[in-house]
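A.B. asks: Starting off with a structure, shown below.
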Amino acid sequence: MEDDNLLLNIISEPISTKSKLLEKKSVKRKHDVVEEKILNNELTNKKKRHERVKLDLCQGREMKSSKRSSLFANNPTIPHVEDINVETANEEIFGTASSMDTVPVHPHIISCLKQKFDIKCLTNVQEKSIPAILTGQDVIIKSQTGSGKTLAYVIPIIHRIQMIEPLVRRETGPIAIVLVPTKELVQQTYEVFQKLLTSFVRIVCSPLVGGSNRNHEKKRLRRGLNILISTPGRLCDHIDNTQSLSFKNIQFLIFDEADKMLDMGFADAIKKIIQTITKHFDNEKHFQRILLSATPTTALNEFVDINLNKNSLRIDISEEFNEESVITVPKTLKQMFTIVPSKLRLVTLIGFLLKIFNNNEKKKAKALLFLATNDLVHFHYDVINTILNGEKDDDMDEQGDLQFGHLLNQSVKLLRLQGDMTHQERTSVFNEFSKLTRGILLCTNVAARGLDLPSVTWIIQYHPTSPIDYIHRIGRTARLGSIGRSLIFLLPNEAEYVTTLQEKYKMSLKSITPDDILETLLSSCDKLKQHFETRTVVPKTAEQCASSLHHHFEEYVNGSEERIEQARQAYLSFIRYYASFSREWKYLFHVKNLHRGHVAKSFGLKQLPDESNNHSINERKGTFASSSKTNKSTILNENETIEINDKKDDKSISSLKIEKKNHSSMSNNIKPRQRFRNFSHISEFGNGLELTTKSNKKKDKIDEFLEKKRERNTIKRLHGRKKQT
Ligand SMILES: Nc1ncnc2c1ncn2[C@@H]1O[C@H](COP(=O)(O)OP(=O)(O)OP(=O)(O)O)[C@@H](O)[C@H]1O
């Protein structure tokens, strides 16, 4: 209920065509109200007399100065996006809700579903898919995120495997192969199988994932496994290198999140897997193929035409409720967007997190915060943890440390999940976040697909991605009919993204203006005041709070060389990410549209990083290298003595200082994860808009290199330990 109020508070505000923050008048009015409130409080509290004198002084100073905080100056106008009422397509999660005892599978499976999964009736997609899969035909299943697609195939497959005569044993070898796009999904799917296999101990299921020890997997394959869950890349690796792997008894091949696997460039690997299995079959013998997706794409339809039986059964839950097949999102999900100029992004994000967590102190609140790349996750994790909880990263250099956190009334656990973590690290984060009642998980697109994290209440997309990945990101909440909310941050020049979602994908999004969010900072005013006790200006308006917060954030970033380097890497990674959008999307996300100075400010940087080494951009465009030749300098600071050019083209770079010193000298101090920055900036799935086979091959090489490196380090560590003992 509180959550609902929060939403109502947010969306009931009138939507202004121009940011109110840009209108001095309204800011002044808010300023007066807040001032009055502060004074009233002070009159009733004698202890605060001293403070009142201080505020009055500040007020005097404030009135003399007509200067605007640089954070709010020279921002582009926020375009108005019409809040059109889109007729959205809905899918019902539960169908006839008939008794579990009528499901035509082994009674042990039914009792396990009831006891271990707490399932009282099947979902719509399960009701339709289970009988279809039991017939042995190829099946294509489309249903929205969080509708129970995993069990829709796991139940009938286990039922059919336990029926096989003679009884299936370890030595029978693989009977079913489940292909999924990510390691996390491999693990998650494996756990679902394991839970349901407790009554059938002779059927052995195992995950195969890159990053874990290949030799262990080889050993397990040699001993015999019946259900293999793997990413296509890892399975191909075993096809090439594990002689004991035989597909002669395969009966099921499942493609879960099939569209994503193709999007990630796994088409060749999948083709190879199908060919290897097919070698063992003559024309009459057939293995069943099951394909699942919430968001079928053109590439997927082509794949289906080539690789699945012509008489495949199509199960599309949305078709039952709409005339044409469309992508549907849960109807219990409320989607919002906010258009925020670059410079204001970080303070707006902090304001929004305070809104979620300070307004819901006693309630469960779990948010996924999606960022574009690994480096961006590292940077924001440290910054947000410090601002909200007053905690610093354990690895962080003590030197120049500045504590300014505790803006939250009650600390919130922050975790991160991104592509450059080891498999063990990822699993432990996944498990820890699943158990939390209040927490924020900062993640890349690695968490966008299929992950079933319980009770996620908010999805925040700080960096946009393709509409398809947008749908999967928001699909991590509002699962199985629960309530969920989502917010996407867009830059003023990206406003058309909302129109695309509304018109092409028939989604309804409500607008929140940045100033609605920044108002929250006022309630943290007291806490901010504590931090600014030593400063001349005590923040009294939302604008002042935001400026002070940003100023402190800048001091934090610039407090040590290590943090500056981390911010630089994050900035460069963001630019690379932006430059990697395919031509099709450049009308929305064009690197030329970015105002480098404003972007740098959103990372707390006072000097513009040197982009001449930002290889991926130079390769593509060559514009950075040329612009870096200009030496005319401007230092970005809180007062911005020299105005930053607001022109949205690369010329703006020429008026800013290109900083080269310290770059090489820092390299020795960079921690391992930063040393691989050329690789680690790459989000597991990039921006989801373009990933060629070529780039995938490159990624495979990088993965292989990193894996070997990890193995070498482990061996070294073990040697070290042996020597010690
Ligand atoms: N019939 C059911 N009754 C209650 N809970 C169920 C039922 N079926 C599945 N669930 C639970 O619903 C959650 C979502 O299921 P699942 O992950 O399979 O959804 P999905 O459709 O595959 O989602 P996505 O498209 O995001 O991968 C899981 O926690 C699962 O255990």
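A.B. asks: Might you check whether a residue that is over 28 Å from Ser293 (Cα atoms) and hydrophobic (A, V, I, L, M, F, W, C) occurs anywhere in segment 223-239?
C.D. replies: There is no residue in segment 223-239 that is over 28 Å from Ser293 (Cα atoms) and hydrophobic (A, V, I, L, M, F, W, C).
A.B. asks: So, one more: Go through segment 571-589 and report how many residues are without any contact (Cβ under 8 Å) to a residue 40 or more places away in the chain and over 20 Å from the mean Cα position of the chain (by Cα).
C.D. replies: 2
A.B. asks: Here's something else I'd like to know. Filter segment 114-131 down to residues that are near the ligand (Cβ under 8 Å from one of its atoms), in a helix (DSSP H, G or I) and not β-branched (Val, Ile, Thr), then give me how many there are.
C.D. replies: Total satisfying the criteria: 1.
A.B. asks: For segment 571-595, which positions are assigned to a helix (DSSP H, G or I) and of a type in the set (Phe, Trp, Tyr)?
C.D. replies: Tyr571, Phe574, Tyr577, Tyr578, Trp585
A.B. asks: May I pose another question? Could you check, for segment 472-487, whether at least one of its residues is in a strand (DSSP E or B), among the small types (Gly, Ala, Ser) and either touching a Phe, Trp or Tyr at 6+ places or on another chain (Cβ under 9 Å) or in the same structural domain as Leu368 (by the TED database) (or both)?
C.D. replies: yes
A.B. asks: Here's a follow-up. What tally of residues in segment 78-93 results from selecting those that are hydrophobic (A, V, I, L, M, F, W, C) and closer than 30 Å to Lys128 by Cβ?
C.D. replies: The number of residues fulfilling the criteria is 3.
A.B. asks: Ok, one more. Which residues, counting only those in segment 488-520, are closer than 30 Å to Phe94 by Cα and in a strand (DSSP E or B)?
C.D. replies: Once the filter is applied, which keeps residues that are closer than 30 Å to Phe94 by Cα and in a strand (DSSP E or B), segment 488-520 yields Ile488, Leu509, Lys510.
A.B. asks: Could you list, in sequence order, all residues of segment 451-463 that are more than 23 Å from Tyr577 (Cα to Cα) and within 15 Å of the ligand (Cβ to nearest atom)?
C.D. replies: Residues satisfying the conditions are Leu451, Asp452, Leu453, Pro454, Ser455, Val456.
A.B. asks: Go through segment 88-113 residue by residue and tally those that are in a helix (DSSP H, G or I) and near the ligand (Cβ under 10 Å from one of its atoms).
C.D. replies: Final tally of qualifying residues: 2.
A.B. asks: Which condition does Glu82 not pass, out of (1) in contact with a Lys or Arg (Cβ under 9 Å, 6 or more places away or on another chain); (2) assigned to a loop (DSSP other than H, G, I, E, B), if it passes all the others?
C.D. replies: (1)
A.B. asks: Under the condition of being part of a loop (DSSP other than H, G, I, E, B) and under 17 Å from Lys128 (Cα atoms), which residue from segment 312-327 is modelled with the highest pLDDT?
C.D. replies: Among them, the one singled out is Ser312.
A.B. asks: Do you know which residues across segment 174-190 are within 13 Å of the ligand (Cβ to nearest atom) and assigned to a loop (DSSP other than H, G, I, E, B)?
C.D. replies: Selection gives Val180, Pro181, Thr182.
A.B. asks: Residue by residue through segment 476-506, note down the ones that are over 29 Å from Val599 (Cα atoms) and either away from the ligand (no atom under 16 Å from the Cβ) or of a type outside the set (A, V, I, L, M, F, W, C) (or both).
C.D. replies: Of everything in segment 476-506, those that are over 29 Å from Val599 (Cα atoms) and either away from the ligand (no atom under 16 Å from the Cβ) or of a type outside the set (A, V, I, L, M, F, W, C) (or both) turn out to be Thr477, Arg479, Gly481, Ser482, Gly484, Glu503, Lys504, Tyr505, Lys506.
A.B. asks: For segment 156-170, indicate whether the set of residues that are within 13 Å of the ligand (Cβ to nearest atom), touching a residue at least 40 places away in the same chain (Cβ under 8 Å) and part of a loop (DSSP other than H, G, I, E, B) is non-empty.
C.D. replies: no
A.B. asks: Kindly indicate whether Asn249 is modelled with pLDDT of 95 or more and closer than 22 Å to Ile164 by Cβ.
C.D. replies: no
A.B. asks: What residue, among those in segment 143-153 that are buried (at least 24 other Cβ atoms within 10 Å of the Cβ) and part of a helix (DSSP H, G or I), is nearest to the ligand (Cβ to nearest atom)?
C.D. replies: Of everything passing the filter in segment 143-153, Lys149 is nearest to the ligand (Cβ to nearest atom).
The values are calculated or read from the model by the stated rules, or taken from the named source; none is laboratory data. The structure displayed is predicted, hence computed values, not measured ones. For neighbour counting, all protein chains shown are included, and Cβ atoms are generated from backbone atoms with ideal geometry for every residue, glycine included.
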